[in-house]
Structures are given as structure tokens and as C-alpha cells.
Amino acid sequence: MKRSEARELVMQLLYQMNIQKDYGDAIKERFVLEYLPKSNQTAYFDDSLSTVLNNLEQIDQEIEACSDNWKINRIDQVDLAILRLSIAELLFMENIPDSASINEAVELAKKYGGSNSGKFINGVLGKISRGKNA
């Protein structure tokens with residue numbers, strides 16, 4: 001499994017957790033058993049998911065600060081899952097280049113989001129990346 005495939009699975013689990021309002025271990029364990037039984041990306045999956053969940057409040061504050069009058073509850077759930085994962089990578093996972101994280105997020109948005117998701121996600125992540133490097 002490639003890292004991009006693992007990233008896609010993390011996004012899908014974040015989406016599922018948010019929809020079900022359940023961020024517990026049981027939902028993660030069921031997901032991993034079904035989709036990552038023998039993956040070489042388990043470490044990335046675990047690290048990125050725990051990074052998002054441990055920093056969710058700060059990540060959501062970043063989203064609201066950089067999304068021009070959009071509150072978290074108004075953002076499409078798929079876009080939100082993609083943003084949360086990518087912002088966790090940008091702010092807390094130093095071994096992932098910003099450009100790779102942003103590019104992967106835009107690709108996920110094109111695959112799973114609406115017609116404007118890619119532009120929206122690129123704009124939010126670009127602001128965060130520029131702010132981080134200022």
C-alpha cells in the first residue's frame with residue numbers, strides 16, 4: 001500500500017468518525033481490521049490519525065481562521081475530513097513536505113468532494129502553510 005492510499009483511508013475514517021460523532025478506539029479498530037489488515041502503512045495511519053484526534057480543537061480553529069467566514073458546521077463533511085488530516089500533516093508532522101500534503105489533499109478533494117472542493121481546500125491549506133512559514 002502506498003502512503004497516498006493510507007492517507008485516503010485516514011480521511012475516510014475521519015469522515016466516518018465525524019458523521020457518527022464517535023472518535024473512540026472501537027471504531028478505529030473495526031476500520032483497521034477491515035481495510036488495513038496487513039498494510040505497510042500502519043505506522044503512518046496510526047500516527048496521522050492520533051495527530052488529528054489529539055489536536056482536533058487547534059486544527060478546527062485553524063480551519064475557521066483560514067476559511068473566510070466559514071464555520072466548521074457549514075463545511076462539507078468530506079472537505080472537513082480532508083482539511084483536518086492535511087492540517088495535522090502541515091502543523092504537526094514535520095517529516096511530510098507541505099507541498100506533498102497540499103497536493104494529496106487537493107487530489108482527495110477532486111476524487112471525493114464537490115466541484116469547488118479542490119479550490120477551497122487548496123486555498124485554506126495555502127494560507128496555513130504560508131502562515132506557518134512566515
- The one condition in (1) under 26 Å from LYS21 (Cβ atoms); (2) surrounded by fewer than 21 Cβ atoms within 10 Å (Cβ to Cβ); (3) in contact with a helix residue (DSSP H, G or I) (Cβ under 8 Å, 6 or more places away or on another chain); (4) touching a residue at least 12 places away in the same chain (Cβ under 8 Å) that ASP47 fails to fulfil: (3)
- Does ILE121 count as at pLDDT 95 or above, β-branched (Val, Ile, Thr) and open to solvent by less than 10 Å² (accessible area, probe 1.4 Å)? yes
- Query: Of the conditions (1) of a type in the set (Asp, Glu); (2) modelled with pLDDT of 95 or more; (3) surrounded by 13 or more Cβ atoms within 10 Å (Cβ to Cβ), GLU57 fails just one. Which one is it?
  - Reply: (3)
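Residues checked against (1) out of contact with any Ser or Thr (no Cβ under 8 Å at 6 or more places or on another chain); (2) of a type in the set (Lys, Arg):
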site	(1), (2)
LYS38	yes, yes
THR42	yes, no
LEU53	yes, no
GLN61	yes, no
ILE72	yes, no
ILE75	no, no
ASP79	no, no
ARG84	yes, yes
- Taking the range 51-69 as the region of interest, how many residues are touching a residue at least 40 places away in the same chain (Cβ under 8 Å) and either assigned to a helix (DSSP H, G or I) or under 19 Å from ILE19 (Cα atoms) (or both)? 5
- Which residues, counting only those in the range 37-50, are part of a loop (DSSP other than H, G, I, E, B) and more than 13 Å from LYS2 (Cβ to Cβ)? PRO37, LYS38
- Among the residues of the range 1-44, write down those that are open to solvent by less than 30 Å² (accessible area, probe 1.4 Å) and β-branched (Val, Ile, Thr). VAL10, ILE27
- Output for the range 1-36, where each listed residue is among the aliphatic types (A, V, I, L, M) and assigned to a helix (DSSP H, G or I): ALA6, LEU9, VAL10, MET11, LEU13, LEU14, MET17, ILE19, ALA26, ILE27, VAL32, LEU33
- Query: Quick check: is even one residue across the range 70-79 in contact with a Gly (Cβ under 7 Å, 6 or more places away or on another chain), in a helix (DSSP H, G or I) and crowded, with 18+ Cβ neighbours inside 10 Å?
  - Reply: yes
- Could you list all residues from the range 93-118 that are surrounded by fewer than 17 Cβ atoms within 10 Å (Cβ to Cβ) and assigned to a helix (DSSP H, G or I)? SER99, ALA100, ASN103, GLU107, LYS110, LYS111
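The values are calculated or read from the model by the stated rules, or taken from the named source; none is laboratory data. Predicted model, so just to flag it, every value in this text is computed and none were measured. All Cβ positions, even for glycine, are placed from backbone atoms using ideal geometry, and neighbour counts span all protein chains on display. Calculation scope for accessible area: heavy atoms of the full protein, side chains included, ligands and nucleic acids excluded. Shrake-Rupley method; radii C 1.70, N 1.55, O 1.52, S 1.80 Å.
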